[in-house]
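A.B. asks: Sharing a structure below in structure tokens format, with a few things to ask.
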Amino acid sequence: MGKTNNTSLDTMVTHFILLGLSHPPHLRTLLFLVFFIIYILTQLGNLLILLTVWADPKLHVRPMYILLGVLSFLDMWLSSVIVPRLILDFTPASKSIPYGGCVAQLYFFHFLGSTQCFLYTLMAYDRYVAICQPLRYPVLMNGKLCTILVAGAWVAGSIHGSIQTTLTFRLPYCGPNQVDYFICDIPAVLRLACADTAVNELVTFVDIGVVAASCFMLILLSYANIVHAILKIRTADGRRRAFSTCGSHLTVVTVYYVPCIFIYLRAGSKSPLDGAVAVFYTVVTPLLNPLIYTLRNQDVKSALKRITAGQGAANESK
């Protein structure tokens with residue numbers, strides 16, 4: 001648990017040192033290249049989806065693809081908050097991060113991550129309404145309502161990030177300043193606090209672990225109803241298309257939620273596996289989203305073909 005010390009301003013931590021992921025020294029160059037390539041592919045893949053949804057008139061008016069575009073935008077920013085700092089761990093550069101930089105990283109990580117968490121739930125709701133109540137879909141999930149729900153997810157994510165950041169950094173940090181993690185995240189930073197962290201650990205458990213677990217259960221419940229409805233579809237092609245769309249979403253959700261719940265429901269854990277597990281939902285998931293949604297989504301592939309064909313025709317006319 002926490003510690004209680006009397007500290008003065010001249011002993012307060014002014015910067016933290018991120019120890020990064022444990023790795024053999026001889027693999028440093030290889031890991032640098034792997035994570036650098038992952039970051040570039042993540043940005044390009046999500047940018048491609050974002051531009052495709054924006055440019056294709058058949059996609060950017062449909063709630064499902066509005067949500068997909070927002071997800072791609074979130075993935076680009078979440079990856080930018082995490083991966084560049086992680087890449088520095090495999091270089092001779094200093095692993096030091098200013099106190100204010102640690103505060104900012106923790107805030108944006110939880111702001112963007114929790115917004116993504118809520119967005120996955122909205123995507124499950126969208127698919128549930130589309131498949132289980134298709135006749136009421138224009139009323140229960142239209143463009144205007146979708147925009148309001150997305151705005152609500154952003155606001156809720158911002159509030160969550162603000163609460164967690166304020167609670168974490170209201171505590172005194174008087175040393176040591178070595179964060180045994182690759183980013184400034186709550187469990188790793190709290191271990192360095194010079195005060196009792198019981199309240200923080202309880203709030204982390206409830207606000208992150210339980211909320212994430214609840215959203216995950218709502219998503220699973222939605223998909224249980226969806227699977228039941230899909231099995232009633234008479235045509236094999238209709239079942240295949242429905243399973244393809246929903247399977248993409250469920251795959252990404254599982255890769256994101258399971259590691260997240262594993263870490264935050266065990267806030268006091270010091271397991272060496274935590275860093276490796278966290279890589280899945282902070283680094284791998286943003287990379288998988290564009291791959292899964294483009295390779296398994298016929299509408300997105302068709303839109304890409306239309307855009308490519310349109311550009312080809314425009315070039316020929318010149």
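A.B. asks: Among the numbered criteria (1) at pLDDT below 90; (2) aromatic (Phe, Trp, Tyr); (3) under 20 Å from the mean Cα position of the chain (by Cα), which single criterion is violated by PHE108?
C.D. replies: Only one criterion in (1) at pLDDT below 90; (2) aromatic (Phe, Trp, Tyr); (3) under 20 Å from the mean Cα position of the chain (by Cα) is unmet by PHE108, namely (1).
A.B. asks: Let me ask something additional. Does ALA153 satisfy the criteria of being modelled with pLDDT of 90 or more, open to solvent by less than 40 Å² (accessible area, probe 1.4 Å) and either touching a helix residue (DSSP H, G or I) at 6+ places or on another chain (Cβ under 6 Å) or over 23 Å from ILE226 (Cα atoms) (or both)? It would help to see each step written out before you state the result.
C.D. replies: Details: modelled with pLDDT of 90 or more: yes; open to solvent by less than 40 Å² (accessible area, probe 1.4 Å): yes; either touching a helix residue (DSSP H, G or I) at 6+ places or on another chain (Cβ under 6 Å) or over 23 Å from ILE226 (Cα atoms) (or both): yes.
When the stated conditions are applied, ALA153 passes them.
A.B. asks: Please give the number of the condition SER162 fails out of (1) modelled with pLDDT of 90 or more; (2) under 19 Å from PHE118 (Cα atoms); (3) open to solvent by less than 40 Å² (accessible area, probe 1.4 Å).
C.D. replies: All conditions pass for SER162, except number (3).
A.B. asks: Among (1) free of Cβ contacts under 8 Å to residues at least 24 places away in the same chain; (2) part of a helix (DSSP H, G or I), there is one condition PRO176 misses while meeting the rest; what is its number?
C.D. replies: (2)
A.B. asks: In this structure, is ASP75 at pLDDT 90 or above, open to solvent by less than 70 Å² (accessible area, probe 1.4 Å), acidic (Asp, Glu) and within 25 Å of ALA153 (Cβ to Cβ)?
C.D. replies: When the stated conditions are applied, ASP75 passes them.
Results for (1) over 16 Å from LEU218 (Cβ atoms); (2) in contact with a Gly (Cβ under 8 Å, 6 or more places away or on another chain); (3) not β-branched (Val, Ile, Thr), shown as yes or no for each residue.
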position: TYR99; (1), (2), (3): yes, no, yes
position: VAL103; (1), (2), (3): yes, no, no
position: TYR107; (1), (2), (3): yes, yes, yes
position: SER114; (1), (2), (3): no, yes, yes
position: LEU135; (1), (2), (3): yes, no, yes
position: MET141; (1), (2), (3): no, no, yes
position: VAL150; (1), (2), (3): yes, no, no
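The rows are residues; the columns are (1) in contact with a Phe, Trp or Tyr (Cβ under 8 Å, 6 or more places away or on another chain); (2) more than 30 Å from GLN178 (Cα to Cα); (3) surrounded by 20 or more Cβ atoms within 10 Å (Cβ to Cβ); (4) hydrophobic (A, V, I, L, M, F, W, C).
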residue	(1), (2), (3), (4)
LEU33	no, no, no, yes
LYS58	no, yes, no, no
VAL61	no, yes, no, yes
SER79	yes, no, yes, no
PHE109	no, no, yes, yes
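Okay, residues lined up against (1) more than 29 Å from ALA93 (Cα to Cα); (2) modelled with pLDDT of 85 or more:
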{"position": "GLY2", "(1), (2)": "yes, no"}
{"position": "SER8", "(1), (2)": "yes, no"}
{"position": "LEU18", "(1), (2)": "no, yes"}
{"position": "ARG28", "(1), (2)": "no, yes"}
{"position": "PHE32", "(1), (2)": "no, yes"}
{"position": "PHE35", "(1), (2)": "no, yes"}
{"position": "LEU44", "(1), (2)": "no, yes"}
{"position": "LEU50", "(1), (2)": "yes, yes"}
{"position": "LEU59", "(1), (2)": "yes, no"}
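A.B. asks: Ok, one more. Every residue in region 179-199 that is touching a residue at least 60 places away in the same chain (Cβ under 8 Å), more than 18 Å from the chain's Cα centre (by Cα) and not in a loop (DSSP other than H, G, I, E, B), please.
C.D. replies: Matches in region 179-199: VAL179, VAL189, LEU190, ALA198.
A.B. asks: Could you check, for region 130-140, whether at least one of its residues is crowded, with 18+ Cβ neighbours inside 10 Å and farther than 30 Å from PHE32 by Cβ? Full working, then the answer.
C.D. replies: Quick first cut of region 130-140, residues crowded, with 18+ Cβ neighbours inside 10 Å only: 130-131.
Next cut, farther than 30 Å from PHE32 by Cβ only: 130-131.
Scanning region 130-140, I find at least one residue that is crowded, with 18+ Cβ neighbours inside 10 Å and farther than 30 Å from PHE32 by Cβ, so the answer is yes.
A.B. asks: Looking only at region 141-150, count how many residues are among the hydrophobic types (A, V, I, L, M, F, W, C), open to solvent by 40 Å² or more (accessible area, probe 1.4 Å), more than 20 Å from the chain's Cα centre (by Cα) and within 19 Å of LEU59 (Cβ to Cβ). Reasoning before the result, please.
C.D. replies: If we filter region 141-150 for residues that are among the hydrophobic types (A, V, I, L, M, F, W, C), which is where we start, we get 141, 145-146, 148-150.
Of the ones still in play, those that are also open to solvent by 40 Å² or more (accessible area, probe 1.4 Å) are 145, 148-149.
Next, from what is left, pick out any that are more than 20 Å from the chain's Cα centre (by Cα): 145, 148.
The next check asks that each one be within 19 Å of LEU59 (Cβ to Cβ); those that pass are 145.
Of the residues in region 141-150, 1 are among the hydrophobic types (A, V, I, L, M, F, W, C), open to solvent by 40 Å² or more (accessible area, probe 1.4 Å), more than 20 Å from the chain's Cα centre (by Cα) and within 19 Å of LEU59 (Cβ to Cβ).
The values are calculated or read from the model by the stated rules, or taken from the named source; none is laboratory data. The model shown is predicted, which means the values in this text are computed figures rather than measured ones. Every residue, glycine among them, receives a Cβ derived from its backbone with ideal geometry; neighbour counts consider all protein chains shown. What goes into the accessible areas is simple: the full protein's heavy atoms, side chains included, and nothing from ligands, DNA or RNA. Shrake-Rupley method; radii C 1.70, N 1.55, O 1.52, S 1.80 Å.
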